[in-house]
């Protein structure tokens, strides 16, 4: 995590920042899948949990060579009118650290019903009575809407970013997120 590059969304009244962030993150995911990268982490300097927004800036963290490799595969040509792409820079000396991870709410009533039908041989009616829609929990975290490279399904990727006491090494997934690894926070 010696270097970073910052991608900043240029304000535009016709395109809300969330739309551009969704497009950018989809392209990032595709590039990370293509490069089979496990060394690139992401952070959102303007992350605001209270307002449920990721903000207008996205930073990629990693070694200079790994960031360059991802940037070569990150086809941003269609977004260049909406983004300001910085240069790859060294991370400042004294920084904090943060975990940036995916949060999934595993309380979909429909999914729980299907599992109950399969495991306990219930009818659909019985499962509907046992598991009402009220069991579902709603997440209130910021998210991006993505299209999965493997399944083609669109889904919300909820993200939680939290400052931590000390840096932790680890691997990142193809969304540049990690349960244990940290990224520099400044």
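The values are calculated or read from the model by the stated rules, or taken from the named source; none is laboratory data. Everything numeric in this text was worked out from a predicted model, so none of it was measured. Here the Cβ is made from the backbone with ideal geometry for all residues, glycine too, and neighbour counts use every protein chain on show.
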ask   = Within region 58-86, how many residues are on the phi < 0 side of the Ramachandran plot and assigned to a strand (DSSP E or B)?
value = 7
request  = Determine if region 20-34 includes at least one residue that is more than 18 Å from residue 77 (Cα to Cα) and touching a strand residue (DSSP E or B) at 6+ places or on another chain (Cβ under 6 Å).
outcome  = no
ask   = Does residue 112 satisfy being modelled with pLDDT of 95 or more and buried (at least 16 other Cβ atoms within 10 Å of the Cβ)?
value = no
message = Checking residue 93 against (1) more than 28 Å from residue 11 (Cβ to Cβ); (2) surrounded by 14 or more Cβ atoms within 10 Å (Cβ to Cβ), only one condition comes out false. Which one?
response = (2)
message = Let me spell it out: the conditions are (1) crowded, with 17+ Cβ neighbours inside 10 Å; (2) touching a residue at least 24 places away in the same chain (Cβ under 8 Å), and residue 145 meets all of them except one. Which number is the exception?
response = (1)
ask   = Among the residues of region 165-186, which ones are closer than 19 Å to residue 142 by Cα and surrounded by fewer than 19 Cβ atoms within 10 Å (Cβ to Cβ)?
value = 173, 179
ask   = In region 37-82, what count of residues is obtained for those that are surrounded by 13 or more Cβ atoms within 10 Å (Cβ to Cβ), closer than 26 Å to residue 13 by Cβ and more than 18 Å from the chain's Cα centre (by Cα)?
value = 2
request  = Determine whether region 38-53 contains at least one residue that is touching a helix residue (DSSP H, G or I) at 6+ places or on another chain (Cβ under 8 Å) and farther than 17 Å from residue 144 by Cα.
outcome  = yes
ask   = Would it be correct to say that residue 145 is at pLDDT below 90 and under 20 Å from residue 17 (Cβ atoms)?
value = no
